[in-house]
Structures are given as C-alpha cells and as structure tokens.
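J.: What follows is a single structure, and I will ask about it in a moment.
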Amino acid sequence: MPEHTSAHRAGGIRFDRVTVAYDGTPVLEDFDLSVEPGEVMALLGPSGSGKTTALRAVAGFVRPAGGRVRIGDRDVTDLPPHARDVGMVVQQYALFPHMRVADNVAFGLKARKTPRGQVAERVTEALDMVGMGGYARRYPRELSGGQQQRVAIARALAVRPGVLLLDEPLSALDARLRSGMLAELDRLHRELPDVSVLYVTHDQVEALTLADRVAVMDRARLQEVGTPRQLYRAPRGSFTASFVGSANLLPVTRAGGNTVRFGAAELRVATLGRAFGGESATLCVRPHRVALGDGGANVLRGVATAVQWRGATHRVAVDVDGHEVVADVPESASPPAVGDRAAVSFAAEDGVLLDD
C-alpha cells in the first residue's frame, strides 16, 4: 500500500486514565495504555471486561466520563468518528447487502470525499491486499463468511488509516477459516508497518499469534500488559496466569531460602521475586511443564482423578492434598488409570511465583 497520506499521520494510541460509565456504572475504569506506532496491541479478556468499550472510545462511538484519548499527537477525545483517521472492522462484517463488493469498499472513501479519480484505484488496491481482487462485482450474499470478512478489512484499509481497530473480527468464522484469517492478518501487519492495530478478542490463541503486546483486562480494569511470551512464561497475577493459557495455581507458603511449601511437599523455585510480601503466595506451573513420575526436582504425589486423550497429548489430573494438579503429557506416555496413585514433577525454573 502506498504511503499514508492523511494530513494527520497517526503515531500510535494513548489512553490517559480513561473512564467510561453507563448509568453511573463504570465499564472502563482509569484505563492507562499506550500503543506504539506500527504495533499490534491485543485487548484480551472475558465478556464484560471493558475491552470493546476501550476500542469504541478510540473510534469515537462512546465518550469518556473522564480521561483523554490521543491518536498520534492529537487529542481526539472530542472529535467525531470520521475525523479520527481510523478504520474499523467489527464481528458481523456490517457489509451493505444491496451494494457490490467494490461499492462496499468505496463507501468510506466517498464519505471522506476522496477525489473520484482516486476511489477506483484505492478500492482495487485494498481488495488486492486481502486477496479479493476478483470479487469486486459480487454482492455480499455471494461470498462465504471468510470472504465477507476480507471485504470488511479491505473497506477499513481503503481509507489508509493510521489506526486499525478490529473488534472480535474472527469470532463468526469456523476454526479452519479462523486459522486462515489469522495468517492473512499477520501478513497484512507485515505489509503495513506504520499502522497501529488495536485488536479486541477473548481468544488467547488469536492474541498470542498476532499481537506484539497483549493487554489483559478484567472487570473494567487493565490487569497486566506484556509481550505474549512474557505473559505466558512469567505472568504477574493469577488472573493473567489462568486466562493466558492454562495454569496450575498452587497456594504456597515460605519455607526458607528458595523453597516454598505446598501441603506436605517442599518445592524449589528459581527465584522468590516480589511475591512474598507476607508468608503466602501462589505458584504458577503450566501443565505442559509438568511430567508424570518423580524425575523432576519438585515431586508431588496423589491420586489420578481424570485422564483425557487430546490427540497429541493426554491431560492427567492428580489430586494432591485436595488440590488438582494438571499435567499435559505426550500421547506416547502411559498415563495412570483414574483412581491410581500417581506422581507428577516439574523443574524449579518452571514454577513462577505470582505477585498476588
């Protein structure tokens, strides 16, 4: 795509303590976040966490009760949506059924009063970017769900926005189409290095696949921000640990040195970090880092309560002193039967002590 030509070239997004409330109830509270120029930031969280509200605040569809929203060097809090230099794609595509694909893509250009001579060129360019160049004369009803979503993305890109807002754009697609669209969005990101992307999703795979950084949200507040690897390998809080991937969250107490106590077992950890403000903390261990048997540094013994075959792996749950510990082990392993005594183990460096 040719260089962005907006009079106000976007340079990222800044939420400055943004609060949005409906009937006095906050749905986004003291939200502070920066999205760098060219960065893909995923807003990840359950329904009702505030992530779509944050995106709509950038688009101009909701007005904050407090705080400011900036795009690049502009405070856009009081600007109407059409003056914000953003493109937006929502869950249900929102294509006009009576318009052909080319007219749908041209809609935003015409609304911005783009010179007529440029419209056809920009439409062709945007459709080619999403692999839909041969579908310009079709109507939305003649397209599959994945094709309609590509057209919706083309419409957002045609205006050459500095900021691209994606609100659960793949949620209506089946698993195969979703995988293909993830690859397409990743390719588009590489081809549009100057466009900042805010991507709302409740799907951790989408967030971990696409995002440069992920902002984890819950109950109207930002919980944690980091790269996908940081949030997966070294989360700071229990909510992030359990929402970004699966996790064993074990209540532990201080035992001296780099050891903690879980029930009757003493467990070694690589570092205590900042977790022990008091005498208790939570130890996070990812299931794929837990092995069957007693070959690791930290061994837990209990009774197998569930064994699930998942194709490439077995998921084995073991009750240890009233706490479930889950291990994802290779299919080739010989899992215990439900009710059998079982041991599981993990290395010291695979346990992360959480701040909470």
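J.: With viscosity set to 0.890 mPa s and temperature to 25 °C, compute the Stokes-Einstein D of the chain, Rh being the Kirkwood radius across alpha carbon pairs; µm²/s, no decimals.
T.: 108
J.: Could you give P(r) for region 248-354, binned at 5 Å from zero, as whole percent values over all Cα-Cα pairs?
T.: Final binned percentages: 2, 14, 24, 24, 16, 10, 6, 2, 0.
J.: Ok, one more. Scan the chain and report its longest stretch carrying no chymotrypsin sites (Phe, Trp or Tyr not before Pro) that are both in a DSSP loop and have at most 15 other Cβ atoms within 10 Å.
T.: Result for the longest clean stretch: 62-275.
J.: Provide the per-residue ³J(HN,Hα) series for region 64-77, in order, calculated from phi with Karplus coefficients 6.51, -1.76, 1.60 and θ = phi - 60°, each as a whole number of Hz, with x at glycine and proline positions.
T.: x, 7, x, x, 10, 10, 10, 10, x, 9, 10, 7, 9, 3
J.: Calculate, for D103 and S34, the FRET efficiency according to 1/(1 + (r/R0)^6) with r their C-beta to C-beta distance and R0 41 Å; round to the nearest 0.05.
T.: Working from the Cβ atoms, E equals 0.65.
J.: Now a separate question. Please get the size of the charge dipole for the chain, origin at its Cα centre, with Cβ charges of +1 on Lys and Arg and -1 on Asp and Glu, quoted in debye to the nearest 20.
T.: 1000
J.: Counting other Cβ atoms within 10 Å, keep those with at most 10, restrict to DSSP loop, and tell me which trypsin sites (Lys or Arg not before Pro) in region 59-118 are left.
T.: K113
J.: Are there any GluC sites (Glu not before Pro) in region 299-356 that are in a DSSP loop and have at most 12 other Cβ atoms within 10 Å? List them by number.
T.: Taking region 299-356 and a limit of 12 other Cβ atoms within 10 Å, the loop GluC sites (Glu not before Pro) found are E331.
J.: Find out how many positive minus negative residues lie around F262, taking Lys and Arg as positive, Asp and Glu as negative, among other residues whose Cβ is under 12 Å from that of F262.
T.: Neighbourhood net charge equals +2.
J.: Be a star and scan region 278-302 for residues whose amide nitrogen sits under 20 Å from the point 7 Å along the Cα-to-Cβ vector of R261.
T.: Of the residues in region 278-302, 278-284, 298-302 have backbone N under 20 Å from the label point off R261.
J.: Extent of region 1-136 along each principal axis, from alpha carbon coordinates, in Å, largest to smallest?
T.: The Cα atoms of region 1-136 stretch 47, 31, 24 Å along the principal axes, largest first.
J.: Next question. Dipole size in debye (nearest 20) for region 248-354 around its Cα centre, Lys and Arg Cβ +1, Asp and Glu Cβ -1?
T.: Dipole magnitude for region 248-354 comes out near 200 debye.
The numbers here are math on the coordinates, done by the rules we state, and not lab data. Computed from a predicted structure; not experimentally measured. No Cβ is skipped: glycine too gets one built from the backbone with ideal geometry, and neighbour counts run over all protein chains shown.
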